[in-house]
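The values are calculated or read from the model by the stated rules, or taken from the named source; none is laboratory data. These numbers were taken from a predicted model, which means no experiment stands behind them. A quick note on method: Cβ atoms are made from the backbone with ideal geometry, for glycine too, and the neighbour counts reach across all protein chains shown. Heads up: the accessible areas ignore ligands, DNA and RNA and are worked out on the full protein's heavy atoms, side chains in. Shrake-Rupley method; radii C 1.70, N 1.55, O 1.52, S 1.80 Å.
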Amino acid sequence: MSENRIDTQRPDAPFFSAYGTYSVGVKTLTLIHKHQIDLRHINGSKANTNDCPRYDRPLVTEVWYPALANSHGEKGLNVVISDGKTRVILKGRAIRDASPIASGQSYPLVIISHGYPGNRFLMSHLAENLASKGYVVIALDHTDSTYADAAGLASTLYNRRFDQLFAINEAQRFNTLKNQFLYGLVDTSQTGIIGYSMGAYGAVVTAGGGLTQSSVDSPWVNPSGLIEAHKSGSKSHLNLIDNRVKTVIAIAPWGMNHGFWDKQGLETITIPMLFVAGSGDDISGYENGTRAIWQAASNTDRSLLTFDDAGHNAAAPYPAPTEARAFDKDIGFAPYEHYADALWNTSKMNNVLQHFASVWMAKHLKSDKSMAPYLNLLPVGNDGVWSKGGDESPKVDHTYWWGFKQFSAKGLRFETLSRKKQKNN
């Protein structure tokens, strides 16, 4: 019987996709964000935040963390796949409810935010990989956005930023409570956010990307008016920019191709960002979507990793479980299509993302200067020259991507833009 592995390391995997030296624990928590706007029970087509119904918003989360060495226990993740009903077991390396490492140090925080619909396990391959390298990783089930409870887009568009910031606040609170397993373990002053699709939309907003007026009035938002809280230049948007968030990785962010940002709104972003996309993305768009955001966020240093000809599923989802291959008459397609790409092997893309996410977070959350050569790359992977000696040491004319094996950067691009120079600098 085949296993649904999320920890596959292919022979051609780049260097930093390999797991780190820490054992990894995983634990499920339910966070309660009290007194939040209840979008499902708003009457009318326009909403005012002052008189909206309220509820205590549940956010089921999965937490991956450095654990005691040689921990033993259950390693399976019990997951609902994209049809919203089929349960499968994903096999990785994280040990359920393992005791946290007693190192006396705290570790940077990474928040992972799934797409619409999705769930907290969609990027579990990346979560446990990062935890093995000394991060605390929190992945959220965004209420109203999961396979089991997907509601209209209004809740997703409004709540993503608030959910992400609330998770940081809760991690900071747990870090101070002696009865919590995260006590003394997490350093929220060094936080990164990784979002995919709608999760990346939220991450761009959290990073400082203010929305346009046309997005506030968009038919995508019903009831209208609420996401004015994230409008470019508004006090509510600017007041929620959080200096604990030091960097963002945005994978196929939704919204630019529907007019949710413009140049002015994206200029508010000042933290470094890594964008990831397939050039054939027909959901979030590429030239008019992810690439356009990357180009317009001119007040920060940012990079763009492109999988040539890949679609919207590039890099983020774990490999499709065996149980997802059968056609489902209720949804009209095989759930497999939610995870896979028509051209690229999923494990290959996962390994590439693990590599770049590890390098990016080490540079920006751990100030690791040794990561610089792994980001100073020729824009087109296949343009590099492979020139190494018998001992595998690079020769002077070796220009192939650092950390990549010969031929393995084919079909990849990595482009970097620097923050624009201000007149008063």
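Some observations on this one:
- Here residue 124 does not fit the description of being of a type in the set (Gly, Ala, Ser), open to solvent by 10 Å² or more (accessible area, probe 1.4 Å) and more than 19 Å from residue 32 (Cα to Cα).
The rows are residues; the columns are (1) part of a strand (DSSP E or B); (2) free of Cβ contacts under 8 Å to residues at least 40 places away in the same chain; (3) surrounded by fewer than 24 Cβ atoms within 10 Å (Cβ to Cβ); (4) of a type in the set (Lys, Arg).
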{"position": "70", "(1), (2), (3), (4)": "no, no, yes, no"}
{"position": "89", "(1), (2), (3), (4)": "yes, no, yes, no"}
{"position": "93", "(1), (2), (3), (4)": "no, no, yes, yes"}
{"position": "115", "(1), (2), (3), (4)": "no, no, no, no"}
{"position": "144", "(1), (2), (3), (4)": "no, no, yes, no"}
{"position": "154", "(1), (2), (3), (4)": "no, no, yes, no"}
{"position": "166", "(1), (2), (3), (4)": "no, no, yes, no"}
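- Where residue 403 falls short, out of the listed (1) surrounded by fewer than 16 Cβ atoms within 10 Å (Cβ to Cβ); (2) at positive phi: (1)
- Restricting attention to the range 406-420, the residues that are in a loop (DSSP other than H, G, I, E, B) and surrounded by fewer than 17 Cβ atoms within 10 Å (Cβ to Cβ) total 6.
- Listing of strands (runs of 3 or more DSSP E) fully contained in the range 229-309 that carry 1 or more residues being of a type in the set (Phe, Trp, Tyr) and either open to solvent by 10 Å² or more (accessible area, probe 1.4 Å) or touching a residue at least 40 places away in the same chain (Cβ under 8 Å) (or both): 302-307
- Checking every residue in the range 35-47 against the condition of being among the β-branched types (Val, Ile, Thr) and at pLDDT below 95 gives at least one match.
- Top-ranked residue of the range 95-113 - restricted to ones that are assigned to a loop (DSSP other than H, G, I, E, B) and polar (S, T, N, Q), ranked as surrounded by the most Cβ atoms within 10 Å (Cβ to Cβ): 106
- Residues considered: 62, 74, 128. Of these, the only one that is touching a strand residue (DSSP E or B) at 6+ places or on another chain (Cβ under 8 Å), under 20 Å from residue 8 (Cβ atoms) and assigned to a helix (DSSP H, G or I) is 128.
- Conditions (1) open to solvent by less than 10 Å² (accessible area, probe 1.4 Å); (2) touching a Ser or Thr at 6+ places or on another chain (Cβ under 7 Å); number of the one not met by residue 20: (1)
- Filter result for residue 159 (touching a Ser or Thr at 6+ places or on another chain (Cβ under 8 Å), open to solvent by less than 10 Å² (accessible area, probe 1.4 Å), within 26 Å of residue 67 (Cα to Cα) and in a helix (DSSP H, G or I)): no
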